[in-house]
Amino acid sequence: MKPGTAERGAGPWRGLLRGNVLWLSVASLLNDASSEMIFPLLPLFLVGTLGAGPAFLGLVEGVAETTASFVKLAGGWLSDRLGRRRALVAGGYGVAAATRPLIAAATLPWHVLAVRVADRVGKGVRTAPRDALLAESVDPAIRGRAFGVHRAADHAGAVLGPLLAAGLLLLFPGRLRLVFALAVIPAALATVVILMRVREVAPTAVDEHTAASVRPPVEPPPAPARVDRRFGWFLGVLVLFTLGNASDAFLLLRAANLGVATAAIPLLWGTLHVSKMAWNVVGGAVADRLGARPSLVAGWAVYAVVYTGFALATEAWHAWALFLAYGLFHGLTEPAERVLVSAMAGSAARGRAFGAYHFAIGIAALPASVIFGVLWEARGAPTAFFVGAGLALAAAALLPVAARPPGRRGPWS
């Protein structure tokens, strides 16, 4: 691919396994492998090695993710302001590569907090520019597939990371610090991939709302110069759904309550990521062929069914089946959400749009887990899961109107 040129082609998969889509996906796989080498071991390290308590563990993750949410908003704005996305993406990965392994040298709990915050700053800087760059690197008609491939690679890294950590611990029992230090290798490779293989692309002349409709017209209308006014409504509906989308840690807790053995919990977690990986490729194609809005509505409906299943489940095998189905929800929604964001903003405002999208999800996720936990403790797990399912159905009912393309009478036209 020539610098300054988006990857465009007539075939539905052409341009997806080369150029920016390929290398951004490879970078995400490597970086997530690095992150997941550390993250599953972090609670044990904080509590067992550094003597922190569960409350401090919650503080670390809460502060880190809140920081990431605000920086994502700023990172998207800055990429639009500079008109250069690749440098911010590379910088974000570079920050992670430089700071993440410093956990190996931590001797006090607050050291881990500082490293996690720095790592999340890197994530915040790169996330919105990366998504905008990916959207601008392919024809709008195949953006769903592009985001599906990218998200599948990200989930593949989430499978690979724990496997690498487990292998290292088999070779070097109890050497958590060594595992943390070696996590620098895939993180550094991710940065090198961005610097050596990813290219800037010229602003696209064609950017439209057609990805949100059933089928794109032959000649899409010009791109909006700014974020479409309907974008705020879309974010509002997304926040409504996110308020019922608690941390997946509750799913693992529910699985344990249903009788899944402790030793099998990591395997169950890995199975979920394999399911996410497979369904994201399928879900991206569905978003391109049928439209992002129908795909997203279907995904939220699947979420409601899965959460209802968790509320009613009584056997351990139910948890395994529901985790597999939960991957379908991710596959239908992760590419579709990003396609909708891309369609509602022109290239000059797309970084800000992605920043606002990630910010809204991150901020809403904080009270979501608190609400879910309070409901679980006060009324039991089934009530908490039923409330989550209800919010998903409410969001699915509102989305067709909130994200309707301009100039169309019907929500599905």
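Only residues that are farther than 30 Å from residue 331 by Cβ and not in a helix (DSSP H, G or I) were counted across segment 155-188, and they come to 4.
Which is modelled with pLDDT of 50 or more and part of a loop (DSSP other than H, G, I, E, B), of 203, 217? Give the steps one after another, and end with the answer.
Numbers: 217 fails: modelled with pLDDT of 50 or more.
None of the others qualify; the one that does is 203.
Exactly one residue among 86, 143, 130 is under 26 Å from residue 17 (Cα atoms), surrounded by fewer than 23 Cβ atoms within 10 Å (Cβ to Cβ) and charged (D, E, K, R), and that residue is 86.
The residue that is nearest to residue 238 (Cα to Cα), among those in segment 352-375 that are surrounded by 22 or more Cβ atoms within 10 Å (Cβ to Cβ) and of a type outside the set (A, V, I, L, M, F, W, C), is 357. Among the residues of segment 1-52, those that are part of a loop (DSSP other than H, G, I, E, B) and either modelled with pLDDT of 80 or more or closer than 16 Å to residue 102 by Cα (or both) comprise 50, 51, 52. Candidates 223, 212: the one that is surrounded by 16 or more Cβ atoms within 10 Å (Cβ to Cβ), at pLDDT below 85 and in contact with an Asp or Glu (Cβ under 6 Å, 6 or more places away or on another chain) is 223. Only residues that are assigned to a loop (DSSP other than H, G, I, E, B) and closer than 18 Å to residue 142 by Cα were counted in segment 243-293, giving 1. The single residue among 87, 97 that is in the same structural domain as residue 154 (by TED's automatic domain parsing) and without any contact (Cβ under 8 Å) to a residue 12 or more places away in the chain turns out to be 87. Do you know which residues across segment 333-346 are part of a helix (DSSP H, G or I) and hydrophobic (A, V, I, L, M, F, W, C)? 336, 339, 340, 341, 343 - these are the residues of segment 333-346 that are part of a helix (DSSP H, G or I) and hydrophobic (A, V, I, L, M, F, W, C).
When residue 330 is tested against (1) at pLDDT below 90; (2) closer than 27 Å to residue 136 by Cβ; (3) in a helix (DSSP H, G or I), only condition (1) is not met. Please work out if residue 382 is surrounded by fewer than 20 Cβ atoms within 10 Å (Cβ to Cβ), touching a residue at least 24 places away in the same chain (Cβ under 8 Å) and either acidic (Asp, Glu) or closer than 21 Å to residue 252 by Cα (or both). Yes.
For every residue, the table says whether it meets (1) among the aliphatic types (A, V, I, L, M); (2) part of a helix (DSSP H, G or I); (3) within 18 Å of the chain's Cα centre (by Cα).
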| site | (1), (2), (3) |
| --- | --- |
| 307 | no, yes, no |
| 323 | no, yes, yes |
| 326 | no, yes, yes |
| 348 | yes, yes, no |
| 357 | no, yes, yes |
| 382 | no, yes, no |
| 391 | yes, yes, no |
| 394 | yes, yes, no |
| 397 | yes, yes, no |
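When we screen 97, 135 for residues that are at pLDDT 90 or above and part of a helix (DSSP H, G or I), the only hit is 97.
The values are calculated or read from the model by the stated rules, or taken from the named source; none is laboratory data. Not measured: the values here are computed from a predicted model. In this analysis, Cβ positions are derived from the backbone assuming ideal geometry, glycine residues included, and neighbour counts consider all displayed protein chains.
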